[in-house]
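To keep things clear, I will list the structure first and then write my remarks on it.
The values are calculated or read from the model by the stated rules, or taken from the named source; none is laboratory data. Nothing here was measured: the structure is a model prediction, and the numbers come from that model. In this analysis, Cβ positions are derived from the backbone assuming ideal geometry, glycine residues included, and neighbour counts consider all displayed protein chains. Surface areas here come from the heavy atoms of the whole protein model, side chains and all, with no ligands, DNA or RNA. Shrake-Rupley method; radii C 1.70, N 1.55, O 1.52, S 1.80 Å.
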Amino acid sequence: MIIDIQNGQTRMPAWRMAEPVNFSLDNGEHIAIVGPNGGGKSMLVDIITGAHALLPMNPVKYDFSPSKAKLVSDNIKYLTFRDSYGTSEGVYYYQQRWNQNDIEETPIVSDLLDEAFQLADQNLCRQTNYDKYLVREETPEQEAARLAEEAEARRMMHAEMEKVRKRLYETFHLDLLLDKHIILLSSGELRKFQLTKTLLSNPRVLIMDNPFIGLDVNARKQLHEFLSILSKETKVSIILILSKSDDIPEFISHVYKVEDMKVSPKMTLKEYRDTVSPTPPHVLSDEKRNAILSLPDTSSVDTEVENVIEFRNVNIRYGSRTILKDLNLSVKKGEHWALSGENGAGKSTLLSIVCADNPQAYANDIVLFGHQRGKGESIWDIKKHIGYISPEMHRAFLRDMPSIHIVASGMSDMNGLYTTPKPSQIEQCLFWMDIFGVKHLADQTFLKLSSGEQRLILLARAFVKDPALLILDEPLHGLDLINRRLVKDIIETYCERKDKTLIMVTHYQEELPNNITNSIFLKRI
């Protein structure tokens with residue numbers, strides 16, 4: 001038994017599940033924790049890792065042998081959903097990756113990975129206070145034998161870490177990233193970095209929150225294969241928290257379903273799959289669908305404008321690295337585009353130009369909504385037409401404000417995040433929160449919501465001003481199967497309205513709305 005919880009209840013009532021928690025992880029098991037958004041998956045993980053302490057009569061019991069690391073934090077590594085959107089190394093702010101002056105001050109990927117590997121190596125022989133003051137009654141020969149045994153164990157673990165490191169670098173083609181500044185990584189590349197950094201720490205238990213989202217098709221396949229090898233060839237036990245529960249890898253042996261803040265009994269993967277009901281073909285009600293279709297036309301785009309976006313031989317470079325080269329793109333009003341491509345191919349860079357976030361737009365021949373960039377229009381003249389969501393934007397919302405304030409900030413595109421919505425805006429905010437099924441969360445603060453609930457709030461924010469152009473960068477990240485279908489229904493319905501233009505990025509073709517009219521695929525240069 002590696003982890004055992006029997007009738008566990010947290011000391012803090014605010015962190016308690018609806019029922020006492022029973023959970024176990026045995027040697028050789030690999031577990032998936034599944035359930036709807038807001039069902040309690042992250043709360044369960046906080047109990048497993050000790051972040052939420054249990055009442056003393058039923059504590060979490062750990063046995064990490066044969067690991068020589070003593071601390072729970074050394075043996076259990078938890079890669080969270082929010083971590084995938086950025087890094088805690090250094091100071092970060094939204095749009096920083098587009099500002100050349102700030103890029104040079106951020107760390108290099110290779111330096112951070114070397115540092116992580118060295119730290120993990122040090123943890124193999126780190127002593128606790130118990131070790132420091134432990135008095136052993138042993139002869140010099142016994143002491144020498146014990147020290148030799150411990151040294152050999154550390155040598156073997158170090159060799160295993162080197163093996164994992166080599167395979168990780170090969171699997172994710174990290175040689176292409178090592179010389180990059182961390183801030184220049186795409187969200188998919190950043191996920192590869194975070195996964196690698198976490199795995200280099202040589203955990204006994206590896207917990208990952210939605211590890212496959214944000215990765216292109218090849219990277220997802222590579223990660224599946226790598227985790228499968230890791231599960232068979234090492235002592236690491238893997239726990240995956242999955243919102244997309246139809247994406248459970250075959251190496252998973254058991255499943256815990258968490259719903260309504262209750263943890264169901266452990267079942268085998270086959271038993272779980274036998275209980276799964278198919279996702280309905282549509283989730284959005286006819287009433288809400290008609291409400292969207294009945295919205296008045298509030299477009300501020302000049303009726304004479306035919307092309308919403310025009311790129312003419314656009315080139316984007318950072319130092320010696322070319323991101324976009326001689327890109328020509330014309331998006332007409334009312335078209336619905338699918339934007340796809342490899343991790344690091346420049347999808348987010350392209351969108352940053354359209355959203356007026358990237359200063360390199362001024363050095364290129366770009367026309368947005370009929371206005372030539374650099375001819376006097378402000379970024380707010382552009383942003384007023386656009387509703388936008390992205391993984392990077394999700395990470396930028398760090399203030400624990402009421403959710404309705406987050407939604408209302410989409411009306412101004414400025415730092416409306418820190419202002420109270422006007423009475424005239426409340427109704428519009430609540431309308432879109434109701435459409436996305438989060439109206440009941442209006443007064444709850446943003447950072448206390450689950451990551452899936454946060455994503456739905458930010459989607460409502462993208463739609464709240466009824467924009468002429470919707471830019472949705474991986475909009476279904478972290479959503480369960482029902483909410484994925486709901487959001488897809490909403491996008492499809494919204495795009496039925498006259499002159500509504502869409503650009504949507506996803507690595508899952510099944511996520512695209514049925515009314516896509518055009519597509520573009522970017523390759524890494």
Task: ³J(HN,Hα), Karplus 6.51/-1.76/1.60, whole Hz, each residue of the stretch 331-340, x for Gly, Pro - done: 10, 7, 4, x, 7, 10, 9, 9, 10, 9
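List nothing, just return the count: lysine pairs in the stretch 206-343, 8 or more apart or interchain, with Cα separation under 18 Å. Mind showing how you got there, number by number?
Details: LYS221/LYS232; LYS221/LYS244; LYS244/LYS257; LYS244/LYS270; LYS257/LYS266; LYS257/LYS270.
Eligible lysine pairs with Cα atoms under 18 Å apart amount to 6.
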Task: Accessible surface of the chain, 1.4 Å probe, proportion on carbon and sulfur as whole % - done: 50
TODO: Compare the Cα positions of PRO36, SER67, GLY50 along the charge dipole of the stretch 1-76 (+1 at Cβ of Lys, Arg; -1 at Cβ of Asp, Glu; about the Cα centre) and return the one farthest towards the positive end.
DONE: GLY50
Task: the chain: angle of helix 217-233 to the longest principal axis, Cα-based, in degrees nearest 10 - done: 10
- [ ] Mind checking the full-extension length gain between ALA363 and ALA153? Use 0.36 nm per residue of separation minus the Cα-Cα distance, one decimal, nm.
- [x] 69.8 nm
- [ ] Grab the DSSP H runs of the chain that are 4 residues or longer, score each as -39,500 (n - 2.57), total them, divide by all residues and round the 222 nm result to the nearest 500 deg cm²/dmol.
- [x] -10000 deg cm²/dmol
- [ ] About the Cα centre of the chain, how large is the charge dipole given +1 on each Lys and Arg Cβ and -1 on each Asp and Glu Cβ? Please answer in debye to the nearest 20.
- [x] 220
Task: Cut-off 12 Å, label 7 Å out along Cα→Cβ of HIS173, residues of the stretch 333-347 by amide N - done: 342-345
- [ ] Kindly rank 169-181, 200-212 from highest to lowest mean number of other beta carbons found within 10 Å of each residue.
- [x] 200-212, 169-181
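Taking only pairs that are 8 or more places apart or on different chains, how many Lys pairs in the stretch 352-444 have Cα atoms under 23 angstrom apart?
On the way: LYS375/LYS383; LYS375/LYS384; LYS383/LYS422; LYS384/LYS422; LYS422/LYS439.
For the stretch 352-444, qualifying lysine pairs total 5.
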TODO: Mind giving me the FRET efficiency for LYS332 and GLU427? R0 is 41 Å, r the Cβ-Cβ distance, nearest 0.05 is fine.
DONE: 0.80
Task: Spacing of the two label points (7 Å from each Cα toward its C-beta) at LYS221 and ASP434, in nm - done: 4.6
TODO: May I ask you to compute the full-extension gain from HIS282 to LYS523, defined as 0.36 nm times their residue separation minus their alpha-carbon distance, rounded to one decimal in nm?
DONE: 83.4 nm
- [ ] Could you check what % of the DSSP bridge pairs in the chain are antiparallel, to the nearest 5?
- [x] 45
Task: C-alpha long axis of helix 109-123 to longest principal axis of the chain, angle in ° - done: 20
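What FRET efficiency do you get for LEU447 and THR139 if R0 is 51 Å and r is their Cβ-Cβ distance, rounded to the nearest 0.05?
Once rounded, the FRET efficiency stands at 0.35.
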- [ ] Report, in degrees rounded to the nearest 10, the 0 to 90 angle that the Cα long axis of helix 423-435 makes with the longest principal axis of the chain.
- [x] 60
TODO: With θ set to phi - 60°, apply the Karplus curve 6.51 cos²θ - 1.76 cosθ + 1.60 along the stretch 201-214 and write out the HN-Hα couplings as whole Hz, x wherever there is a Gly or Pro.
DONE: 6, 6, x, 7, 10, 10, 10, 10, 9, 6, x, 8, 6, x
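Which order do the peptides 291-297, 21-27 come out in when sorted by mean C-beta neighbours inside 10 angstrom, highest first?
Details: 291-297: 11.4, 21-27: 18.1.
Result, highest mean Cβ count within 10 Å first: 21-27, 291-297.
Which semi-axes, in whole Å and largest first, does the equivalent ellipsoid of the chain have when worked out from the alpha carbon gyration tensor as the square roots of 5 times its eigenvalues?
Values: eigenvalues 381, 157, 80 Å².
For the chain, the semi-axes come out at 44, 28, 20 Å.
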- [ ] Write down the radius of gyration of the stretch 351-484 and its Dmax, each obtained from C-alpha positions, in Å.
- [x] 15.3, 46
- [ ] Enumerate the amide H contacts of HIS336 below 5 Å, restricted to partners 5 or more residues apart or on another chain; note that Pro and chain-start residues carry no placed amide H.
- [x] LEU502, THR517, ASN518
Task: For GLY387, distant residues with modelled amide H under 5 Å away - done: LEU469, LEU470, ILE471
Open item on the list: Calculate the FRET efficiency for GLU160 and GLU250 from the Cβ-Cβ distance with a Förster distance of 22 Å, rounded to the nearest 0.05.
Closed with: 0.40
Task: Chain lengthening between ASP260 and SER320 when straightened (0.36 nm per residue, less Cα-Cα) - done: 16.4 nm
